[in-house]
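Each reported figure results from applying straightforward, stated rules to the coordinates on display, with no laboratory input. Quick caveat: nothing in here was measured; it's all calculated off a predicted structure. Ideal geometry is used to build each Cβ from the backbone, glycine not excepted, and the neighbour counts take in all protein chains shown.
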Amino acid sequence: MFFQHVYDKTLAQASYFVGCQQAGVAIVIDPKRDVDTYLQIAEENQMKITHIAETHIHADFLSGSRELAALTGAKLYLSDEGGEGWLYEFPHVELKDGSVFHVGNLKFEVIHTPGHTPESISFLLTDTPASLEPVMLFTGDFVFVGDIGRPDLLEEAAGFVGTKEAGAKEMYRSLERFTRLPDHLQVWPGHGAGSACGKALGAVPSTTVGYEKIRNWAFQFEKDQQGFVRFLLEDQPEPPRYFAMMKKLNKVDRPLLTEVPKPRLLSKEEFQAAMDKGYKVIDTRQKEVFATGFIPGALNIQHNIAFPNWMGWFVSYDEPFILIAKEEQHDELARMLMRIGLDNIYGYVPDVNVWKELGHELITGNLISLDELKQLQKHGNVQIVDLRGAAEYKAGHLKGADNIFVGTLEKNIGKVSKDKEVILHCKTGDRASIGYSILAKHGFRNIKNYVNGYVEWVNEGNPVVTTEQEPVAVG
């Protein structure tokens, strides 16, 4: 058996290339959309991709299953569980609980594991030449290392009202079935640490059934379904806005993108015309560089592993956008964007000099240090805005700080003071820079960015409070 774990750090998303070397055939499970990765693996190992499978209709990335099928001729093996509203709307091999299919000498058995979503399935793999006992379980967003899939995404992100409690109860029953599997069975999940599909995912790539039964919090609620449901649903991170679109695009027939796009260099005249039309400008430079001078209205979404997540929060699927990024960054940026279906790149400019060449002025940001923050606090006429998520804020924050999650800042602009000095902060400064650019776009000039954020505040021994100590309305 040939096995390769393919991991996308930007979305903390795992996919799997599993092949039968004797037959020269392979399956890809939960592929990302830039599928050239799997084609290269197949070529290097003289294998043909004949099967493509998914564990469920994904919400956090745009699956590359159909792109890969179009390029290889492989068949799609997808869930037919979940009932009306949870079925794929394009041709595929329909899988039910107990379904079995083979990839060469590799046997895959389907286990229906609802909870995260109604149609969720897991794949139990037996390497038949080596053993008649199963060796691996591909769980998707069912069981992670140290955590389980959250059942609230359908309601919180996709708008399916009343589904989270029902999903939590289904998850409880699915976990009971999981505990009956052999302890030695390897578990290969769909996500790792950093994914919004859970709240406490581990950083190691795989685990075993036995280890999770001992260490995973979800298995410590034996005969306490109510306590399990309550703990599972509380303090989950805010689901990115783009999740609802992913849920739709992964289910329906849609246009395919079988190559990584190459953004087009815009002339000065084209850039000015696009600005006049109101096209959104995404400045991908690092926050400290952004603060030295930026184009009015530009959003600072830095080129780092969180780039696609924040793009999914702030860019709509029906609007063209422009990137400020150097040419050598384009391949990586384009891959990040296509993985969540943001294909509407109008073009790019390499830096902000084009704006100055057009006769305009840049805006400079206002970064402050820890000492400057403390001096401003002493004066009293300040509003501290904590842009982290609600669970982060609840666990500890600066006394008197207001919590407005950066992803919802634009719709909560009215909660930001225009009469006081406004100090923005997050954990390490990245979200604060996004927030700074949003407020600057809306005309705020009384804002300052505590660039080193909550981490420095805590590491320097400064006091924090929790919501239990100091109740503060969360925006």
**Prompt:** Taking the Cβ-Cβ separation of Gln40 and Asp371 as r and a Förster radius of 56 Å, what is the calculated FRET efficiency to the nearest 0.05?
**Reply:** 0.65
**Request:** Would you mind listing how long segment 159-269 runs along its three principal axes, going by Cα atoms, in whole Å with the largest first?
**Result:** 66, 35, 28
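What number comes out for the charge environment of Val382, summing +1 per Lys or Arg and -1 per Asp or Glu over other residues with Cβ under 10 Å away?
Numbers: positive: Lys378, Lys420, Lys448; negative: Glu421.
Here the charged neighbours net out to +2.
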**Prompt:** Using just the C-alpha positions of the chain as equal point scatterers, what log10 of I(q)/I(0) does the Debye formula give at each q in 0.06, 0.08, 0.10, 0.12 1/Å?
**Reply:** -0.30, -0.53, -0.81, -1.09
**Message:** Debye calculation, C-alpha points only, no solvent: report log10 I(q)/I(0) for segment 344-475 at q = 0.10, 0.14, 0.16 Å⁻¹, in the same order as the q values.
**Reply:** -0.35, -0.64, -0.81
**Complete:** Length gained, Lys213-Ala130, 0.36 nm per residue minus C-alpha separation, equals 27.3 nm
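Based solely on its DSSP helices, what 222 nm [θ] is calculated for the chain when runs of n ≥ 4 H residues each add -39,500 (n - 2.57) and the sum is averaged over all residues, nearest 500 deg cm²/dmol? Let's see the in-between values first.
Working: 16 runs with 130 residues, N = 475.
It comes out at -7500 deg cm²/dmol, rounded to the nearest 500.
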**Request:** Quote the charge dipole size of the chain about the Cα centre in Debye, to the nearest 20; the model charges only the Cβ of Lys and Arg (+1) and of Asp and Glu (-1).
**Result:** 680 debye
**Message:** Taking just the alpha carbons, could you work out the radius of gyration and Dmax for segment 2-249, both in angstroms?
**Reply:** 17.0, 51
**Prompt:** What length, rounded to one decimal in nm, is gained on full extension from Gln329 through to Ser417, with 0.36 nm per residue of separation minus their alpha-carbon distance?
**Reply:** 28.0 nm
**Item:** Listed residues Gln377, Leu257, Ala244: farthest to the positive end of the dipole of the chain (Cβ charges)
**Value:** Gln377
**Request:** Identify all aspartates and glutamates with a Cα-Cα distance to Lys427 below 18 Å; exclude those on the same chain that are fewer than 8 residues away in sequence.
**Result:** Asp235, Glu238, Glu288, Asp371, Glu372, Asp386, Glu392, Asp402, Glu456, Glu460
**Dipole-positive endmost among Gly64, Ser99, Cys20 within segment 1-114 (Cβ charges, Cα centre)** = Cys20
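Report, to one decimal in Å, the Kirkwood hydrodynamic radius for segment 268-357 based on all distinct Cα pairs.
Values: mean 1/r = 0.0758 Å⁻¹.
Answer for segment 268-357: a Kirkwood hydrodynamic radius of 13.2 Å.
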**Item:** Around His102: net Lys/Arg minus Asp/Glu count, Cβ-Cβ under 14 Å
**Value:** 0
**Asked** Å³ per residue of the Cα convex hull, for segment 94-205?
**Response** 112 Å³
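Treating only the Cβ of Lys, Arg, Asp and Glu as charged (+1, +1, -1, -1), what charge dipole size does segment 17-56 show about its Cα centre? Round to the nearest 20 debye. Kindly include the intermediate steps, with their values, before the conclusion.
Values: 3 positive and 6 negative charges, 21 e Å.
About 100 debye.
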**Fill in**
Excluding residues fewer than 8 positions from Lys48 in its own chain, the lysines with Cα under 27 Å of it are Lys9, Lys32, Lys75, Lys96, Lys107, Lys251
**Residues Lys9 and Arg177, FRET efficiency given R0 of 22 Å [Cβ-Cβ distance, rounded to 0.05]** = 0.10
**Fill in**
Within the under-11-Å Cβ sphere about Leu299, not counting Leu299, Lys/Arg +1 and Asp/Glu -1 give a net charge of 0
